[in-house]
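Following: one structure in structure tokens, then a few remarks.
The values are calculated or read from the model by the stated rules, or taken from the named source; none is laboratory data. Remember, predicted model here, so these are calculated numbers, not experimental data. All Cβ positions, even for glycine, are placed from backbone atoms using ideal geometry, and neighbour counts span all protein chains on display.
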Amino acid sequence: MKKNLLFLSLFLVSIISYAQQQYYNGVDLTKEGLDLKQELATKTINAHINFLSYTPGVWEALKITDLNPENSSEVLLIYGFSDTTSGETARRRGVNDNSGDQGDWNREHTYAKSLGDPNLGSTGPGADAHHLRPSDVSYNSQRGNLKFADGSGDSGSVSGGWYPGDEWKGDVARMMMYMYIRYGDQCLPNGVGIGNNANAGDDMIDLFLEWNVEDPVSDFERQRNTYHDSNATYAQGNRNPFIDNAYLATRIWGGENAIDSWGIYITSDDEAPTVPTNVALSNITTSSIDVSWIASTDNESVSKYEVYVDGTLEGQTSDVNYTITGLTPNTTYAISVLAKDLASNKSAQSTAINGTTTTDTTSPTVPTNITITNVSGTSFKVNWSASTDDTAVVGYDIYIDSSLNGSTSTTSYTVNNLSLSTTYSVTVLAKDSADNKSPNSSAINATTTDGAALANELFFSEYVEGGNYRKAIEIANLTGNTVDLSAYSVARQSKGTWETSLYLSGYSIDADDVFVITNSSTTNQTLINESDLGVANSTPMTFNGDDRVGLFKNDVLIDIIGDIDGTSNFGKDITLRRKMTVTNPNTTYTINEWDEYAKDTVDGIGVYYDATANTTSSTFDTFKMYPNPNNADKLYFNITKQVEIKIYNTLGKLVKSDTLNTNKNNIDISNLTKGVYLIKIDSDNQSITKKLIKN
């Protein structure tokens, strides 16, 4: 944004600088690329503690943050370029002239709501004041939901897009960058702007990087940022880091250099650090090697080291040691290290030193906790807890009556083509990449049924109508046989009208199993993990509490959730789960066939707890995770059997996983940065998700 009309006092600038410095305490600003993006995303998300209401919260915030520095009775209007106080292209308007009426100003979603995936709505991202700006009502309507496109001069429509104007394009770019790191894939830059991401990568487009350089940060933007990093009533608590330092975008996504307002990245320093010396290898195993070296020196300071394996970058660290993992047993690797400073000056690589991983002669542990589920007349499912190995378990062999029946890389396996009412002896062994095999597990007996079905038809077993596209439908198969779904479809009834059906051709459901359909826009990890079919944000997976959902066979209704042709909000913000006493469909919705649970309850999705499921006693009845919040190096679990732990960051990326049991009940989290994480715990056919706060 232009600087010549927007001056703030030196006192305010000094306050901004101090607040900014305090705000980024704990953020590793020496990182670059996607690692720096993750650091900034974690900080931005965690600091966002006050979620404004769209009305009146955002109105009141804009009346404070967007005041004209030359006249506190006015707000500045984004896209405006005329100095008059009226008209569509005005730059300013009376601070209290806000409404949806022509001639007033309203709230412009610079990231158009409908361009979000899913739609941003008017809560969460749709009410985030960092991207909401005052705009003339009529001019805002002209922009509509047009994507941003390049242009020059004043704002307006260009080539099917919208150019925000020379004065505002940098503001827009930095707001789009903020929305991306704050809300992830819901607010992709290439979803709101027309540009190329081939050079920038990571869905960032060159258009916004160019605008960030061409229109530097203004004091007006800093004014908005500083207010939200405060304890004021309408402040969110978080900052837009790209306003604090536009060069952060360059450091993450590349492109031409933006201004480094902190003066820590772009300097006159062109002296590289010294080459790391005394590179040494230790603790060599079948799959890992520890590397250490003597610290390099630099005329400014060394910020990090890069570790290379056979000439390819393996990773980086700010320490003088690093563990290389995922190596192949009995293999020689050439390892070297180089040093970097904050100005990205690099030393030469150290002389390569060779290290050979040890030969893998150790077998995996024996699979444990063998259980049998989904029993029918001709099949059953074998489940077990994962084995461990000094390198890695790559698969399991399943034996039926001492004969190899098949292999799998997962911890479950379905045995088919069995005889009715017959007992089989089941064992499992684990094997690693060197083909070392564990002994067979203890034998467990499994007896097929007599073929009599619990049900003669498929039916709905669960319904989830939650927030943020947490929508799911589960179909159960208790017929005793695998069912081809080619004849089946699901449809939504809205206001008494059955809409376009979703046909399930190409899918099937195993005996005593379920089929889960989800809205593919959901961000809920449990629904994502259990989904058999993800449907885009369209019917039937856009049902709300007043929509009925039907299951059809050959286009004839066989089961329904909700009273047909009804109008009540029977299923708003709830989860419905079919009672175990129900084993067949019903074209008349009967409320006493269902148990109701709180909004966003998804712990039962993907597993139908019928009489054969052997899961009536939950692993998690006495489960505990502590301490939480956690400022230590280890996270402990109170568990009664082996579980798989997976830790995801706020962007949904898996950052750590481990297998725990009663002898090993903790996981090392010393390498996790401060922030919020999701912990997913799996055991047999059950799972739960918990939130962890790392201090």
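If you take the residues of the stretch 267-295 that are among the charged types (D, E, K, R) and farther than 21 Å from residue 392 by Cβ, which of them is surrounded by the fewest Cβ atoms within 10 Å (Cβ to Cβ)?
Ranking the candidates gives 270 first.
When you look at residue 655, is it assigned to a strand (DSSP E or B), modelled with pLDDT under 75 and surrounded by fewer than 17 Cβ atoms within 10 Å (Cβ to Cβ), yes or no?
For residue 655, the condition - assigned to a strand (DSSP E or B), modelled with pLDDT under 75 and surrounded by fewer than 17 Cβ atoms within 10 Å (Cβ to Cβ) - is not met.
Within the set of pairs 6+ apart or on separate chains, which have a first residue in the stretch 115-126 that is on the phi > 0 side of the Ramachandran plot, a second that is of a type in the set (S, T, N, Q), and C-beta atoms under 9 Å apart?
124/186; 124/468
Would you point out which residue out of 56, 118, 125 is touching a His at 6+ places or on another chain (Cβ under 9 Å), assigned by TED's automatic domain parsing to the domain that holds residue 238 and modelled with pLDDT under 95?
Only one candidate qualifies: 125.
Starting from residues that are of a type in the set (S, T, N, Q) and assigned to a helix (DSSP H, G or I), keep the ones in the stretch 46-69 and report whichever is nearest to residue 694 (Cα to Cα). Can you show your working first?
Let us first name the residues in the stretch 46-69 that are of a type in the set (S, T, N, Q), namely 46, 50, 53, 55, 65, 68.
Applying the additional criterion that residues be assigned to a helix (DSSP H, G or I) yields 46, 55, 65.
Details: 46: 11, 55: 33, 65: 32 Å.
Looking at residues that are of a type in the set (S, T, N, Q) and assigned to a helix (DSSP H, G or I), I get 46.
Residues to consider are 396, 322; find the one that is modelled with pLDDT of 95 or more, closer than 30 Å to residue 513 by Cβ and either buried (at least 19 other Cβ atoms within 10 Å of the Cβ) or of a type in the set (D, E, K, R) (or both).
It is 396.
Residues of the stretch 531-551 being surrounded by 18 or more Cβ atoms within 10 Å (Cβ to Cβ) and among the small types (Gly, Ala, Ser), which ones?
Listed by number, the residues that qualify are 531, 550.
Polar (S, T, N, Q) and over 28 Å from the mean Cα position of the chain (by Cα): does that describe residue 520?
No, not satisfied.
Exactly one condition in (1) modelled with pLDDT of 90 or more; (2) part of a loop (DSSP other than H, G, I, E, B); (3) surrounded by fewer than 19 Cβ atoms within 10 Å (Cβ to Cβ); (4) hydrophobic (A, V, I, L, M, F, W, C) is not met by residue 5; state its number.
Residue 5 satisfies all of (1) modelled with pLDDT of 90 or more; (2) part of a loop (DSSP other than H, G, I, E, B); (3) surrounded by fewer than 19 Cβ atoms within 10 Å (Cβ to Cβ); (4) hydrophobic (A, V, I, L, M, F, W, C) except (1).
Being touching a residue at least 40 places away in the same chain (Cβ under 8 Å) and part of a loop (DSSP other than H, G, I, E, B) is the filter here; which residues of the stretch 149-173 pass it? Explain how you work it out, then say what you get.
Pass one, the stretch 149-173, residues touching a residue at least 40 places away in the same chain (Cβ under 8 Å): 149-150, 154-155, 164-173.
Matches in the stretch 149-173: 149, 150, 154, 155, 164, 165, 166, 167, 168.
Consider residue 500 against the criteria (1) among the β-branched types (Val, Ile, Thr); (2) part of a loop (DSSP other than H, G, I, E, B); (3) within 29 Å of the chain's Cα centre (by Cα): it satisfies all of them except one. Which criterion is unmet?
(3)
State all residues of the stretch 212-262 that are more than 12 Å from residue 178 (Cβ to Cβ), assigned to a helix (DSSP H, G or I) and touching a residue at least 24 places away in the same chain (Cβ under 8 Å); if no residue qualifies, say none.
Residues satisfying the conditions are 213, 214, 219, 220, 222, 223, 226, 227, 250, 251, 252, 253.
Would it be correct to say that residue 305 is buried (at least 20 other Cβ atoms within 10 Å of the Cβ), farther than 20 Å from residue 644 by Cβ and among the aromatic types (Phe, Trp, Tyr)?
When the stated conditions are applied, residue 305 passes them.
List the pairs whose first member sits in the stretch 585-608 and is on the phi > 0 side of the Ramachandran plot and part of a loop (DSSP other than H, G, I, E, B), whose second member is among the aliphatic types (A, V, I, L, M) and surrounded by fewer than 20 Cβ atoms within 10 Å (Cβ to Cβ), and whose Cβ atoms are under 6 Å apart, counting only residues at least 6 apart or on separate chains?
none
Could you look through the stretch 366-393, keep only residues that are outside any loop (DSSP other than H, G, I, E, B) and of a type in the set (A, V, I, L, M, F, W, C), and pick out the one that is surrounded by the most Cβ atoms within 10 Å (Cβ to Cβ)?
Within the stretch 366-393, the match that is surrounded by the most Cβ atoms within 10 Å (Cβ to Cβ) is 382.
Hey, could you check the stretch 135-153 for residues that are out of contact with any helix residue (DSSP H, G or I) (no Cβ under 8 Å at 6 or more places or on another chain) and under 17 Å from residue 208 (Cα atoms) and say which is surrounded by the fewest Cβ atoms within 10 Å (Cβ to Cβ)?
152
Quick one: residue 589 ticks every box in (1) modelled with pLDDT under 85; (2) crowded, with 16+ Cβ neighbours inside 10 Å; (3) more than 30 Å from residue 43 (Cβ to Cβ) bar one, so which box is it?
Looking at each condition in turn, residue 589 falls short on (1).
Give just the number: which of (1) on the phi > 0 side of the Ramachandran plot; (2) surrounded by 17 or more Cβ atoms within 10 Å (Cβ to Cβ) does residue 363 not satisfy?
The number of the failed condition is (1).
Tell me the strands (runs of 3 or more DSSP E) entirely within the stretch 287-349 that contain at least 3 residues that are among the acidic types (Asp, Glu) and assigned by TED's automatic domain parsing to the domain that holds residue 392. Break it down stepwise before answering.
On the way: elements: 289-294, 302-309, 312-317, 321-324, 332-341.
So the answer is none; nothing clears 3.
Do you know which residues across the stretch 503-532 are in contact (Cβ under 8 Å) with a residue 40 or more places away in the chain, part of a loop (DSSP other than H, G, I, E, B) and among the charged types (D, E, K, R)?
Of everything in the stretch 503-532, those that are in contact (Cβ under 8 Å) with a residue 40 or more places away in the chain, part of a loop (DSSP other than H, G, I, E, B) and among the charged types (D, E, K, R) turn out to be 510, 512.
Residue 417 fails exactly one of the following numbered conditions: (1) under 27 Å from residue 360 (Cα atoms); (2) among the polar types (S, T, N, Q); (3) not in a strand (DSSP E or B). What is the number of that condition?
(1)
Every residue in the stretch 92-118 that is in a loop (DSSP other than H, G, I, E, B) and crowded, with 21+ Cβ neighbours inside 10 Å, please.
Matches in the stretch 92-118: 110, 111, 116.
Test each condition in (1) modelled with pLDDT of 90 or more; (2) under 30 Å from residue 203 (Cα atoms); (3) touching a strand residue (DSSP E or B) at 6+ places or on another chain (Cβ under 9 Å) for residue 71 and report the one that comes out false.
Of (1) modelled with pLDDT of 90 or more; (2) under 30 Å from residue 203 (Cα atoms); (3) touching a strand residue (DSSP E or B) at 6+ places or on another chain (Cβ under 9 Å), only one is false for residue 71: (2).
Would you say residue 554 is more than 18 Å from residue 476 (Cβ to Cβ) and surrounded by 20 or more Cβ atoms within 10 Å (Cβ to Cβ)? Can you show your working first?
Details: more than 18 Å from residue 476 (Cβ to Cβ): yes; surrounded by 20 or more Cβ atoms within 10 Å (Cβ to Cβ): no.
When the stated conditions are applied, residue 554 does not pass them.
List, please: which pairs have Cβ atoms under 7 Å, are six or more places apart or on different chains, and start with a residue in the stretch 472-496 that is at positive phi and surrounded by fewer than 19 Cβ atoms within 10 Å (Cβ to Cβ) and end with one that is part of a loop (DSSP other than H, G, I, E, B) and not aliphatic (A, V, I, L, M)?
Close Cβ pairs satisfying both conditions: 496/565.
May I ask you to say which residue of 407, 425 is part of a strand (DSSP E or B) and farther than 30 Å from residue 583 by Cα?
Values: 425 fails: farther than 30 Å from residue 583 by Cα.
Result: 407 is the single residue among 407, 425 that is part of a strand (DSSP E or B) and farther than 30 Å from residue 583 by Cα.
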